Amino acid sequence: MDTTAEQLLARVEQAHHAFEAARASLPSERERWLVAIAERLESSSDELVPLAVAETHLGEPRLRGELVRTAFQLRLLGAEIRGGGPLDVTIDRADPEWGMGPRPDIRRVNEPLGVVGVFGASNFPFAFSVIGGDSASALAAGCSVVHKAHSGHEQLAKRTADAVVEALSSAGAPAGVFALVNGEESGGMLVDHPLVQAVAFTGSTRGGRALFDRAAARSHPIPFYGELGSTNPVFVTRLAWERRGDAILREFVGSVALGTGQFCTKPGFIVVPASRGGKVDRILREAASVMPPSEMLTPRLRKSYGDSLAKLRDRPEIEVITGGAGGDKPVMTLLRTSASTICRAPEILQHEMFGPASVVVEYSDDSELVRVASLLDGQLTTTIQGEVGEDVDDLRRVLSSKSGRVLWNGWPTGVSVTYAQQHGGPYPATTASGTTSVGTSAIRRFMRPVSYQGFPDDQLPEVLRDGNPWMVERRIDGRWSGGRGA
Ligand code: NAP
């Protein structure tokens, strides 16, 4: 049932009070809250996973793996905030000899923003949903979270949120630090609410852009971290094609098939030399036939996938290698076009088909690889399939200017949760290209730096005092020192 306007206002206000009560909590306390949630998720997995299977049609092994990932992510983000890295504590002690003239004592720390509104994705009901990366990193930062449930898995969202609230309460977190709301109207009101200080969103370009515009239109605009769509093109050099072409084609189809093609990192294009004619088609058809007709996440996504596939398939310069429209359960569809077509109609490269379809782009001249790459719009990922010793500097440089993650001889579908992970990219892949929604750096999105100038030690926030009572890593007079994370 949709949340009423009164309920939404009450939940945001309670989240604000909880934020005020919790903002001085030690990083180690926040870590305890995140660990408590991880443990509760694990102990509830036999209830939550079957609910997720029923609502999303994703298989049980995949969903169990996603729950493991989600619990791991909570623990990693907890450990990260305990170490203090995201606080970015920087202390410049007073220095009468400072090069530009005497400097005062200045100490800077990242402080949590307040209530964060989180919109989860349809395709990752655990890892990018109720207590996925956005909610976990906002809680790690010291914020409160009000999560808008995705309409594709509302039962699962409710039971997951119950588990999160119980775990937080048993770990001693203030009531209201996490809450759930339902319904598109509540989602809009959440973005508008003056106590909401940032929004994180994973979903469609259309929905994300509408909410981004709404956040920007507020009398006090707020940061909007939107992870939107991407076509994740893969570029295959001629040498790699000669040495490993068959394997590359099979691995490509395997990557497209994952989750019935419903990955924001699915390779939507593969750019290959135009040389293998009938053999290429045979390999692609064989590999594609391994994916059984599969139900998609929601009827709405099935429809929008069908519409976007038809739009591309019906263009005269696009050829069908295998597949077709399909019924409720689509089969894999692979299309073909040429690099010269892409150069005439570069908008094709940005056409996302969120489902089991992809396009093979054939090039005749090696210089077309860089030319096609330079026509890309912002992407979450780009990939080079190449050979050691090849000169791919120009291609790599172009791809790094277009995407948040550039892969070498891999496939973009997996997004590991690590310290160096970058799940982001220039618009329209995201609305904030300087940030990531996966990995430990995601925490910093929900913090704001504040400098304290000239304060006596005992009147500074504890984290900035000389004795380092929070035992976090700190940069003092330009040098990193101390702390558990150092
Ligand atoms: P979606 O339709 O945009 O929905 C995402 C969430 O936003 C849902 O809770 C939805 O509410 C809400 N929403 C959308 N527009 C809204 C509006 N105008 N007002 C209020 N709430 C609004 O996304 P989706 O269903 O997950 O669609 C899949 C798309 O997401 C694909 O294009 C895919 O590429 C992208 N995606 C991106 C990533 C990434 O990391 N970049 C990850 C996964 C998916 P309702 O459910 O109530 O409609």
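Within the set of other residues whose C-beta is less than 14 Å from the C-beta of GLY101, count the net charge using Lys and Arg as +1 and Asp and Glu as -1.
Around GLY101, the surrounding residues sum to -2.
At a 10 Å Cβ-Cβ cut-off, how would you order THR260, THR440, fewest neighbours first?
In increasing order of surrounding Cβ atoms, one gets THR440, THR260.
With +1 on the Cβ of every Lys and Arg and -1 on the Cβ of every Asp and Glu, and nothing else charged, how large is the dipole of region 211-293 about its Cα centre, in debye rounded to the nearest 20?
The dipole of region 211-293 has a size of about 160 debye.
Considering only DSSP beta bridges where both residues belong to the chain, give the percentage that are antiparallel (nearest 5).
30
Could you compute how fast the chain diffuses translationally, taking Rh as the Kirkwood radius over C-alpha pairs and applying Stokes-Einstein at 4 °C with viscosity 1.567 mPa s? Give it in µm² per second.
Estimated via Stokes-Einstein, D reaches 54 µm²/s.
Mind checking which lysines have their Cα closer than 24 Å to the Cα of LYS148? Skip sequence neighbours fewer than 8 apart in that chain.
Cross-link targets: LYS158, LYS303.
Using the charge dipole of region 223-336 (Lys, Arg: +1 at Cβ; Asp, Glu: -1 at Cβ; taken about the Cα centre), state which of LEU312, GLY327, SER275 has its Cα farthest towards the positive end.
SER275
Grab the beta carbon distance between SER275 and ALA420, set R0 = 45 Å, and tell me the FRET efficiency rounded to 0.05.
So, using R0 = 45 Å, E works out to roughly 0.80.
For the ranges 232-238, 405-411, what's the packing order if you count other beta-carbon atoms within 10 Å of each residue, average per peptide, and put the highest first?
232-238, 405-411
Assigning unit charges at the beta carbon (Lys, Arg +1; Asp, Glu -1) and nothing else, what dipole magnitude in debye, to the nearest 20, does region 356-428 show about its Cα centre?
Charge dipole of region 356-428: 480 debye, to the nearest 20.
With a ≥ b ≥ c the root eigenvalues of the C-alpha gyration tensor of region 310-376, is it rounded (a/c under 1.5), prolate (a/b larger than b/c) or oblate?
Cα axes put region 310-376 in the prolate bin.
Under the rule a/c < 1.5 gives rounded, and otherwise a/b versus b/c splits prolate from oblate, where does region 260-338 land using the Cα gyration tensor?
Prolate, since a/c reaches 1.5 and a/b exceeds b/c.
Of ILE443, PRO469, GLN453, which is farthest along the charge dipole of region 433-482 in the positive direction, counting Lys and Arg as +1 and Asp and Glu as -1 at C-beta?
Result: ILE443.
May I ask you to derive the FRET efficiency for ASN409 and SER451 from their Cβ-Cβ distance with R0 = 45 Å, giving the value to the nearest 0.05?
The computed FRET efficiency comes out at 0.50.
Label region 377-486 by shape, choosing from rounded, prolate and oblate, from the square roots a ≥ b ≥ c of the eigenvalues of the Cα gyration tensor; if a/c is under 1.5 it is rounded, and otherwise prolate applies when a/b is larger than b/c, oblate when it is not.
Verdict is prolate for region 377-486.
Which length gain, in nm to one decimal place, applies between SER28 and ALA247 when the Cα-Cα distance is subtracted from 0.36 nm times their residue separation?
74.1 nm
Which net charge results for the neighbourhood of HIS17, defined as the other residues with beta-carbon distances under 13 angstrom from its beta-carbon, given Lys and Arg at +1 and Asp and Glu at -1?
Summing Lys and Arg as +1 and Asp and Glu as -1 gives 0.
For the residue pair ALA5 and VAL68, what label-to-label distance in nm results when each label sits 7 Å from Cα along the Cα-to-beta-carbon direction?
4.8
By Kyte-Doolittle mean hydropathy of at least -1.0 and Cα axial length of at least 18 Å, which whole DSSP H helices of the chain are selected?
Taking the DSSP H segments of the chain (at least 18 Å long, mean hydropathy at least -1.0), we get 5-22, 27-43, 60-83, 154-170, 238-257, 277-289.
Could you list VAL53, VAL109 so that the one with the fewest beta carbons within 10 Å of its beta carbon is first and the one with the most is last?
Ordered from fewest to most neighbouring Cβ atoms within 10 Å, VAL53, VAL109 come out as VAL53, VAL109.
Note down the relative contact order for region 50-148 as a percent, whole number, built from C-alpha pairs under 8 angstrom at least six residues apart.
Value for region 50-148: 27 percent.
How much length is gained on full extension from ALA217 to ALA345, taking 0.36 nm per residue of separation minus their Cα-Cα distance?
Extra length from ALA217 to ALA345 when fully extended: 42.7 nm.
Dipole magnitude of the chain about its Cα centre, charges +1 at Lys/Arg Cβ and -1 at Asp/Glu Cβ only, in debye to the nearest 20?
540
Tell me, what is the percent relative contact order of the chain, built from C-alpha pairs under 8 Å that lie six or more residues apart?
Worked out over the chain, it gives 19 percent.
Using a Förster distance of 60 Å, how high is the FRET efficiency between SER367 and SER170, based on the Cβ-Cβ distance and rounded to 0.05?
The value I calculate is 0.45.
Given labels modelled 7 Å from the Cα in the Cβ direction, how far is it in nm from GLU462 to SER400?
4.2
Can you give the helix-only mean residue ellipticity at 222 nm for the chain, where every DSSP H stretch with n ≥ 4 adds -39500 (n - 2.57) and the sum goes over all residues, rounded to the nearest 500 deg cm²/dmol?
Helices in the chain give a 222 nm mean residue ellipticity of -12500 deg cm²/dmol.
Can you tell which of PRO102, ILE131, SER416 lies farthest toward the positive end of the dipole of the chain, using +1 and -1 charges on the Cβ of basic and acidic side chains (Lys, Arg; Asp, Glu)?
Checked the options; the winner is SER416.
Using a simple spin-label model with points 7 Å from Cα along the Cα→Cβ vector, what separation in nm is obtained for LEU195 and ALA310?
The two pseudo-label positions are separated by 4.6 nm.
Full extension from ALA21 to GLU185: what is 0.36 nm times the residue separation minus their Cα-Cα distance, to one decimal in nm?
Contour length minus the Cα-Cα distance gives 56.2 nm.
Would you mind checking which residues have amide H under 5 Å from ARG474's amide H? H placed 1.01 Å from N; only 5 or more apart, or other chain.
Placed amide hydrogens put SER481 under 5 Å from ARG474.
Coordinate-derived values only; no laboratory data. From a predicted model like this one, the values you see are computed outputs, not experimental measurements. Note: ideal-geometry Cβ built from the backbone for every residue, glycine included; neighbour counts use all protein chains shown.
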